[in-house]
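Enquirer: Can you read through this structure? Questions will come right after.
The values are calculated or read from the model by the stated rules, or taken from the named source; none is laboratory data. Computed from a prediction, not measured in an experiment: that's the story for all the values here. Cβ coordinates were reconstructed from backbone atoms using ideal geometry, including for glycine residues, and neighbour counts include every protein chain displayed. Surface areas here come from the heavy atoms of the whole protein model, side chains and all, with no ligands, DNA or RNA. Shrake-Rupley method; radii C 1.70, N 1.55, O 1.52, S 1.80 Å.
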Amino acid sequence: ALARIATNAAKGHGKAGKKSKKARAEGEAEGEAAVPAVRLFSRDGAAVAEEVPNAAAWQDGAVLHIGDARYRVERNPPALTELRLPRSLLAGFPVCPKVSAEFAAPQHCLFRWFREQRPADGGDAAGEAWVETAAAERVFTPSNALVGLRLKLRCTPGDGERRYGPAREVESSGPVEAGPGACTFDARHLYTRKVCGHGSVRAVSYNILADAYAQTEFSRTVLYPYCAPYALEIDYRQNLLKKELAGYSADLICLQEVDKSVFVDSLAPALDAFGLEGLFRIKEKQHEGLATFYRRDKFRLLSQHDIAFSEALLSEPLHKELCEQLAKYPLVQEKVLQRSSVLQASVLQSTTDPSRKLCVANTHLYWHPKGGNIRLIQIAVAMSHIKHVACDLYPGIPVIFCGDFNSTPSSGTYSFISSGGIAEDHEDWLSNGEEERCSMSLSHPFKLLSACGEPAYTNYVGGFHGCLDYIFIDRNALEVEQVIPLPSHEEITTHQALPSVSHPSDHIALICDLKWK
């Protein structure tokens, strides 16, 4: 390594001399001769012998001599690889920077927040002077007094062992804007100010409305014509979502319709700052998928068992019998295999009581109103897979199954999940007419209960409202401690329907506190 440094240093001298042809000739001549002496000295001043391996030679505090120059060696210093602020900043809503680092962790970094100086504050005309705010936390919530001003963050990477690397700064692209005032979730936060105790689990299930679906011409003109266009924009909705989710102080959050970029750049960094670790599963051939977050100091991840329904159906021996039955109905089979729906299944273990394990499942079933038969096949695959995880791989562990099931309480899917079976003459096998009839009887071994009951609706748009989302729990092992009330009908309809300036999705989050029996 020292020899290579010497050669490179000599080349550098050579390049510096290549200003003119004459100088180049001299430079090359000098370059041949001027290979500087390169030596490495350990902290105590002893020369490090050339046969010492690199791993042992380069220690913190060692000194590298290159000719007359001296360089202090810092091994794996904390360094920021990415520092970004969200594009949209709203007063009263948390600003969560995206922080990526090497040999450092966001929780050990130092944060200093600055605001732009107003011309009246005595800043120069260009407005380039900055005033430090009192905030020194990773997450900063700007007050109304900062509306119209840009923010700057200075972050110093640290490794938790009192080592700090070079600081970096980032300025917001635009100023803080005024927030919407009261939101539909404000009253719900009164019930969820604190994280619940170690014997309890607060679970959230929420379809957050993918940007891929909110920003189309069809969405703006047909689905959500009542919603102000700016309130459909992803940056605006992300502000509301991050505040809403952070305020629930949840232990488990299962989200559907999560854009990949929203997970990576927005939700994962924001919820990380509030103590939650995130897992993401994209839908096949789509830009959105599922996300499951769990509280780091309550749970550790033991294993992940995610599947795509169509793929699992064809390739896993577990579903062989169902696959053979389905083959008798080629029209339905084709539709099932075309769907990109996925299931997230994560096994978590309590950090305080390792005997307590949980299978947390999350899904988003086929959406079409006449697709009841397709959903029945999807849920049959899901239940077989969950059975494999919670009965074969981890015998007897309780199940929490969250999701947007696109099924009302009167549907075959809901009935199958909660009763454990479905008859072959159920009307949902005929949901899309006689030519798509596929009759089979299905069963699963779990005793599942909808923890939040059957609300009048969890989805409220101009042309439809109904209960489509559920948190199903293993009634043998878990019981409901409290259900956080849904927003009032008045709040939901203040701006006609959802989404709105005060609610970021067309669905409503379900939240409940569960406790181990």
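Enquirer: Which one of the conditions (1) out of contact with any helix residue (DSSP H, G or I) (no Cβ under 7 Å at 6 or more places or on another chain); (2) buried (at least 20 other Cβ atoms within 10 Å of the Cβ); (3) closer than 27 Å to residue 353 by Cβ does residue 245 fail to meet, given that it meets all the rest?
Expert: The one condition residue 245 does not meet is (1).
Enquirer: Going through region 53-67 one residue at a time, which ones are closer than 23 Å to residue 10 by Cβ, open to solvent by 30 Å² or more (accessible area, probe 1.4 Å) and under 45 Å from the mean Cα position of the chain (by Cα)?
Expert: Once the filter is applied, which keeps residues that are closer than 23 Å to residue 10 by Cβ, open to solvent by 30 Å² or more (accessible area, probe 1.4 Å) and under 45 Å from the mean Cα position of the chain (by Cα), region 53-67 yields 54, 58, 63.
Enquirer: In addition: Looking only at strands (runs of 3 or more DSSP E) that fall completely inside region 132-224, which ones have 1 or more residues that are assigned by the TED database to the domain that holds residue 451, aromatic (Phe, Trp, Tyr) and open to solvent by less than 80 Å² (accessible area, probe 1.4 Å)?
Expert: Because the criterion is at least 1 residues that are assigned by the TED database to the domain that holds residue 451, aromatic (Phe, Trp, Tyr) and open to solvent by less than 80 Å² (accessible area, probe 1.4 Å), the strands (runs of 3 or more DSSP E) in region 132-224 that meet it are 200-207.
Enquirer: Of the conditions (1) surrounded by 13 or more Cβ atoms within 10 Å (Cβ to Cβ); (2) modelled with pLDDT of 95 or more, residue 70 fails just one. Which one is it?
Expert: (1)
Enquirer: If we only count strands (runs of 3 or more DSSP E) wholly inside region 419-517, which ones have 3 or more residues that are within 30 Å of residue 181 (Cβ to Cβ) and in contact (Cβ under 8 Å) with a residue 60 or more places away in the chain?
Expert: Output list reads 510-516.
Enquirer: Within region 305-312, identify whether any single residue is in a loop (DSSP other than H, G, I, E, B) and under 19 Å from residue 422 (Cβ atoms), and answer yes or no.
Expert: no
Enquirer: Next up: Just to be sure before I move on: is residue 82 of a type in the set (Asp, Glu), over 28 Å from residue 42 (Cβ atoms) and surrounded by fewer than 19 Cβ atoms within 10 Å (Cβ to Cβ) in the structure I sent?
Expert: Considered against the rule, which asks whether it is of a type in the set (Asp, Glu), over 28 Å from residue 42 (Cβ atoms) and surrounded by fewer than 19 Cβ atoms within 10 Å (Cβ to Cβ), residue 82 comes out as yes.
Here's the yes/no breakdown for (1) open to solvent by less than 30 Å² (accessible area, probe 1.4 Å); (2) modelled with pLDDT under 95; (3) touching a Cys at 6+ places or on another chain (Cβ under 7 Å); (4) over 28 Å from residue 455 (Cβ atoms):
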residue	(1), (2), (3), (4)
392	no, no, no, yes
400	yes, no, no, no
409	no, no, yes, no
414	yes, no, no, no
421	yes, no, no, no
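Enquirer: Could I ask something else about it? Answer yes or no: is there a residue in region 91-103 that is open to solvent by 50 Å² or more (accessible area, probe 1.4 Å), among the charged types (D, E, K, R), in contact (Cβ under 8 Å) with a residue 60 or more places away in the chain and in the same structural domain as residue 160 (by the TED database).
Expert: No, that holds for no residue.
Enquirer: Considering every residue within region 331-344, establish whether at least one is in contact with a Cys (Cβ under 8 Å, 6 or more places away or on another chain), in contact (Cβ under 8 Å) with a residue 40 or more places away in the chain, closer than 27 Å to residue 278 by Cα and in a strand (DSSP E or B).
Expert: Within region 331-344 (the criterion being in contact with a Cys (Cβ under 8 Å, 6 or more places away or on another chain), in contact (Cβ under 8 Å) with a residue 40 or more places away in the chain, closer than 27 Å to residue 278 by Cα and in a strand (DSSP E or B)), the answer is yes, since at least one residue qualifies.
Enquirer: Now, a different point. How many residues are touching a strand residue (DSSP E or B) at 6+ places or on another chain (Cβ under 7 Å) and over 13 Å from residue 383 (Cβ atoms) when one looks only at region 416-441?
Expert: Here the count works out to 1.
Enquirer: Taking residue 389 and the conditions (1) farther than 19 Å from residue 458 by Cβ; (2) part of a strand (DSSP E or B); (3) not small (Gly, Ala, Ser), which numbered condition does it fall short on, given that it satisfies the others?
Expert: (2)
Enquirer: Still on this structure: Checking the conditions here, which among 493, 458 is surrounded by fewer than 18 Cβ atoms within 10 Å (Cβ to Cβ) and either modelled with pLDDT under 95 or farther than 29 Å from residue 392 by Cα (or both)?
Expert: Only one candidate passes the filter, namely 493.
Enquirer: Any idea which of (1) modelled with pLDDT under 95; (2) of a type in the set (A, V, I, L, M, F, W, C); (3) more than 27 Å from residue 79 (Cα to Cα) is the one residue 90 doesn't satisfy?
Expert: Result: residue 90 fails condition (1) only.
Enquirer: So if I check each of 291, 345, which one is open to solvent by less than 10 Å² (accessible area, probe 1.4 Å) and in contact with an Asp or Glu (Cβ under 7 Å, 6 or more places away or on another chain)?
Expert: Every option except 345 fails the conditions.
Enquirer: Among the numbered criteria (1) within 26 Å of residue 268 (Cβ to Cβ); (2) open to solvent by 60 Å² or more (accessible area, probe 1.4 Å), which single criterion is violated by residue 320?
Expert: It is condition (1) that residue 320 fails.
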